[in-house]
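The values are calculated or read from the model by the stated rules, or taken from the named source; none is laboratory data. This structure is a prediction, so every number in the text was calculated from the model and none was measured. For neighbour counting, all protein chains shown are included, and Cβ atoms are generated from backbone atoms with ideal geometry for every residue, glycine included. For accessibility, only protein heavy atoms count, side chains too; no ligands or nucleic acids. Shrake-Rupley method; radii C 1.70, N 1.55, O 1.52, S 1.80 Å.
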Amino acid sequence: MVMSFQFPAYFTAIFIITRVMSIMKISKPLDVHHKDIRAVDLATKLSVDPSAIESASRDFGGIVKAEPEAVLHPSAPQDIAALIKFSYSSSVPFGIAAKGHGHSARGQAMAENGVVVDMRSMANNRRNGTGIRVSIDRLYADVGGEQLWIDVLNATLEYGLAPVSWTDYLYLTVGGTLSNAGISGQTFRYGPQISNVLEMDVITGKADFLTCSPRMNSELFYAVLGGLGQFGIITRARIPLQPAPKGVKWVRLLYDDFSSFTKDQELLISKNGRKDKSALDYLEGSLLMDQGSPDNWRSSFFPHKDHPKIISLITKHGIIYCLEIVKHYDDRTKHTVDKEMKQVLQGLNYMPGFMFGKDVGYEEFLNRVRSGELKLKSQGLWDVPHPWLNLFIPKSQISDFNNGVFRDIVLERNITTGPVLVYPMNRQKRDDRMSAVIPDEEIFYTVGFLHSSGFDTWEAFEDQNKDIMRFCNKTGILVKQYLPHYSTKEEWVHHFGSKWKVFQHRKYQFDPRMLLSPGQRIFNNN
């Protein structure tokens, strides 16, 4: 038998573990953020402990596993810059991936035979760093890239302020969501989170520590936003704030007709000005099917007494479409919000008798997924495989998608147990200079299949995902993946389309040795 090993993996092991751990006491000063500092000794911050390696080898998806040679636990951004500088200067560099809360589904934050940077280790080491600092007079927060959005919310609410754009799940890091887009039901009005950033501090693949904004180092600024971690690691973001609401009027409407469901969504998002007081503050749609309770892990909403009639509807129609809308209020508007919501509902074509509403606090609404998470964790059902598929579908083709995917593939297989989201967004709320990719039409739909599976059943969901993508390709639906994952360069080129050349140029400009985010498999997919 002939035995062989991969030379890059062997080299990485030697140079990361032996050389870095033993002799990484660089005497040269490192220029970081225009200030000369002594290069930190990484020996005490690099871990090869089996538990650290195992944790860095897995993510929320629970499908992909890739072992790094070491894990960096930085206490400051300078540690990250020193690690990148070491790899960049090596004759054979190693890959480096920043990992926040590990909520990726396809190994995007992994670095096989490289180093994973545990960004969360900086959360409690910000004595002289960023952390979360709120400027109440200038209405922004400077936030470390390793901070969770739930902590940003809590810190800003202390001053009666809050960001305007969120994700449905708040236990994600700021750097992680800004590297993708950061979307939810607020996006139609306020844009994704990448449209709500004033400036950032970024460490590039050349170990340059740069502050960037639309006016300063703008090429890097737009590259990093939605850039999938390919151009730099975000260590600080300046997030604009506005006065926080006190509560929300939360309404769900049920539809048995997909055309009425989408027409009402498109009508409601047509009022999307940030200062338009008649506009909604949140809008999402979803599918209700016969796999379990009308409520799901994202939130408990429908009154228990109404479950039987909702289940009866689902049994009759196979799929019921649920429209979820929210309007904020404060002390000044709490007495008029019911009237305003009533005006919003006039003329909508939901099923009579199937409108459900309640009032909750603003923080409770934003953190609505948490209670479901804790419940699933208590049942051992959170840390299971999550073969998710997130798509953007042009408005002109969403009806075809409903017929061919929701009605045929999904309903026919009848295995989907997690939430299935479907709601529209406006292209005008994004800046096309950003790296994030969306369909060309002005209105497009987000479709999210948020599957949870057993450890031995996830492949059935993967087969369904592949059938969905094959259907889109066969019928000419111009779908774009959100949180994308592909295995070949050709697929990535097709994904980025007209943005590919710019994306590739930016990679050569900011990470010419292809160090960063190897788990995305964009430039190292051979």
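Overview of results
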item: Conditions (1) without any contact (Cβ under 8 Å) to a residue 24 or more places away in the chain; (2) in contact with a helix residue (DSSP H, G or I) (Cβ under 8 Å, 6 or more places away or on another chain): number failed by PRO68; result: (1)
item: Filter pass, PRO352 being in contact with a His (Cβ under 6 Å, 6 or more places away or on another chain) and over 19 Å from GLU284 (Cβ atoms); result: no
item: Residues that are touching a Lys or Arg at 6+ places or on another chain (Cβ under 7 Å) and over 28 Å from ARG189 (Cα atoms), drawn from segment 440-476; result: GLN464
item: Condition broken by ILE150, with the remaining ones in (1) surrounded by fewer than 21 Cβ atoms within 10 Å (Cβ to Cβ); (2) in contact with a strand residue (DSSP E or B) (Cβ under 6 Å, 6 or more places away or on another chain); (3) assigned to a helix (DSSP H, G or I) satisfied; result: (2)
item: Those residues of segment 257-291 which are among the small types (Gly, Ala, Ser) and open to solvent by less than 40 Å² (accessible area, probe 1.4 Å), in sequence order; result: SER260, GLY273, ALA279, GLY285, SER286
item: Residue that is farthest from VAL422 (Cα to Cα), among those in segment 455-471 that are assigned to a helix (DSSP H, G or I) and among the aromatic types (Phe, Trp, Tyr); result: TRP458
item: Some residue of segment 135-146 being in contact with a helix residue (DSSP H, G or I) (Cβ under 7 Å, 6 or more places away or on another chain) and either open to solvent by 10 Å² or more (accessible area, probe 1.4 Å) or outside the structural domain of GLY229 (by the TED database) (or both); result: no
item: Filtered residue count, segment 472-520, keeping only those that are among the hydrophobic types (A, V, I, L, M, F, W, C) and part of a helix (DSSP H, G or I); result: 8
item: Residue within segment 205-223 that is within 17 Å of the chain's Cα centre (by Cα), crowded, with 24+ Cβ neighbours inside 10 Å and over 30 Å from SER371 (Cβ atoms) present; result: yes
item: Residue check, VAL116 touching a Ser or Thr at 6+ places or on another chain (Cβ under 7 Å), outside the structural domain of HIS386 (by the TED database) and not in a helix (DSSP H, G or I); result: no
item: Among (1) touching a residue at least 24 places away in the same chain (Cβ under 8 Å); (2) farther than 16 Å from TRP250 by Cβ - the single one HIS304 does not satisfy; result: (1)
item: Criterion violated by SER435 - all others in (1) assigned to a loop (DSSP other than H, G, I, E, B); (2) under 18 Å from the mean Cα position of the chain (by Cα); (3) over 27 Å from LYS501 (Cα atoms); (4) among the hydroxyl-bearing types (Ser, Thr, Tyr) satisfied; result: (3)
item: Flag for TRP166 being buried (at least 19 other Cβ atoms within 10 Å of the Cβ), touching a Lys or Arg at 6+ places or on another chain (Cβ under 9 Å) and of a type in the set (Phe, Trp, Tyr); result: no
item: Condition check for THR446: of a type in the set (S, T, N, Q), under 29 Å from LYS271 (Cβ atoms) and touching a residue at least 24 places away in the same chain (Cβ under 8 Å); result: yes
item: Residue count, segment 413-440 (criterion: open to solvent by 60 Å² or more (accessible area, probe 1.4 Å) and on the phi < 0 side of the Ramachandran plot); result: 6
item: Any hit, segment 345-359, residues being among the polar types (S, T, N, Q), closer than 28 Å to SER195 by Cβ and in contact (Cβ under 8 Å) with a residue 24 or more places away in the chain; result: no
item: Per-region count, segment 373-410, residues open to solvent by 20 Å² or more (accessible area, probe 1.4 Å), within 17 Å of GLN464 (Cα to Cα) and outside any helix (DSSP H, G or I); result: 2
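Yes/no matrix, rows are residues, columns are (1) charged (D, E, K, R); (2) farther than 22 Å from VAL420 by Cβ; (3) part of a strand (DSSP E or B):
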| site | (1), (2), (3) |
| --- | --- |
| ARG274 | yes, yes, no |
| SER286 | no, no, yes |
| SER312 | no, no, no |
| THR333 | no, yes, no |
| GLU340 | yes, yes, no |
| ASN349 | no, no, no |
| PRO352 | no, yes, no |
| ASP359 | yes, yes, yes |
